[in-house]
2 protein chains.
Amino acid sequence: MDAQKLQVFVAVAEELHFGRAADRLHLAQPYLSRSVRALEAELGADLFRRTTRKVELTPAGTALLPHARALLARTDEARGAVAAARDGRSGRVRISFAGPSAHVVVGQLLARCASSTH
Amino acid sequence: MDAQKLQVFVAVAEELHFGRAADRLHLAQPYLSRSVRALEAELGADLFRRTTRKVELTPAGTALLPHARALLARTDEARGAVAAARDGRSGRVRISFAGPSAHVVVGQLLARCASSTH
DNA sequence: CTCATTTACGGTCGTCGTAAATATG
DNA sequence: CATATTTACGACGACCGTAAATGAG
């Protein structure tokens, strides 16, 4: 149940058509068929009821869809959090001072921190 | 960034020791090293600062940890939702009637549904 | 020297494409 | 018969183990 297969599932669930979903993902459509089938095997439940003329979600598929979307969104969030930390847009800040006037400024900062947290 | 690698990351982050994490996951510890390294490559950020004597989280690793736990929890939720739908513990209910008295009962049901939803 | 991580290497399985087969309306 | 899904098959890479190499204290 990796992100790739979930994206395949969501695409097919939204298009209700393996060919269009394949175009959207720039993948060959036989692969979508196998991907969905692998997901169904892994979860032990059919996700679509399909003939060559109609594709529709089963109850299990309907149940999975919102969870799949949430998982994909959360994955992006996680990526973003790591990127932010890497680029220093979050996490601990390190501050250095130099020069005679610095001691005064640091003293003021420390006083303000102490008063704001207590 | 599949569930497997996230579990490896969480285990190492919790143990701060590749060997113990490997034991916990019943995996060979060289594989953990490569798994984490692959995750780091994929995310473009180091997750641990490690020597042979000490393993500690980087800011990026610290940022990832809660997201990784959330993703694993959500994955389990998704599995559970599908299992519930498969086993009929959720989703739409189909009811059939047969016999002469059925029509009366169905009429009463429909009346109650109509009055309760409006 | 010892303990822990990493690199090297190999077998097996999953990914993903193209081409042929199958099934539905 | 036309259109859509599935199966067959093959190349490539990922997974995951064992054994050897590397590095820190």
- How far is A:Ala73 from itself in the other copies, in nm, if each label sits 7 Å out from Cα along the Cα-Cβ line, shortest first? 1.6
- Query: Which distances, shortest first and in nm, link A:Thr52 to the matching position in the other copies, using label points set 7 Å out along Cα to C-beta?
  - Reply: 6.4
- Query: Counting Lys and Arg as +1 and Asp and Glu as -1, what is the net charge of the other residues whose Cβ lies under 11 Å from the Cβ of B:Ala13?
  - Reply: -2
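Take the alpha carbon gyration tensor of the stretch B:1-55, find the square roots of its eigenvalues, order them as a ≥ b ≥ c, and report rounded if a/c is under 1.5; if not, report prolate when a/b exceeds b/c, else oblate. Before the final figure, lay out the partial values.
Working: a/c = 1.77, a/b = 1.15, b/c = 1.54.
Oblate is the answer for the stretch B:1-55, as a/c is 1.5 or above yet b/c matches or exceeds a/b.
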- Query: What are the label-to-label distances in nm, one decimal and shortest first, from B:Ser33 to the same spot in the other copies, with labels 7 Å along Cα to Cβ?
  - Reply: 4.4
- Task: Take the alpha-carbon centre of the stretch B:7-67, take the same for the stretch A:1-33, and report the distance between them in whole Å.
- Result: 32
- Note on the structure: the stretch A:3-91: relative contact order from alpha carbon pairs under 8 Å, six or more residues apart, as a whole percent, is 26
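Tally Lys and Arg at +1 and Asp and Glu at -1 over the other residues with C-beta under 14 Å from the C-beta of A:Leu39: what net charge comes out?
Values: positive: A:Lys5, A:Arg34, A:Arg37, A:Arg50, B:Arg79, B:Arg86; negative: A:Asp2, A:Glu40, A:Glu42, A:Asp46, B:Asp2.
Residues near A:Leu39 contribute +1 overall.
How do B:Glu15, A:Glu42 rank when sorted from fewest to most other Cβ atoms within 10 Å of their own Cβ?
Taking fewest neighbouring Cβ atoms as first place, the list is A:Glu42, B:Glu15.
Are there trypsin sites (Lys or Arg not before Pro) in the stretch A:1-98 that DSSP marks as loop and that have at most 12 other Cβ atoms within 10 Å, and which are they?
Listed in order of number, the matching sites are A:Arg53, A:Lys54, A:Arg89, A:Arg92, A:Arg94.
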- Task: Point me to the residue of chain B whose C-beta lies closest to the B-onto-A rotation axis, rounding the distance to whole angstrom.
- Result: B:Asp2, 2
- Message: Under a crude label model (7 Å from the Cα following the beta-carbon direction), how far is A:Arg53 from A:Gln4 in nanometres?
- Response: 3.5
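Bear in mind these aren't lab numbers, they're just calculated from the coordinates by the rules spelled out. Please read these numbers as outputs of a predicted model, since none were measured by experiment. So basically every Cβ, Gly included, is an ideal-geometry build from the backbone, and we count neighbours across all protein chains shown.
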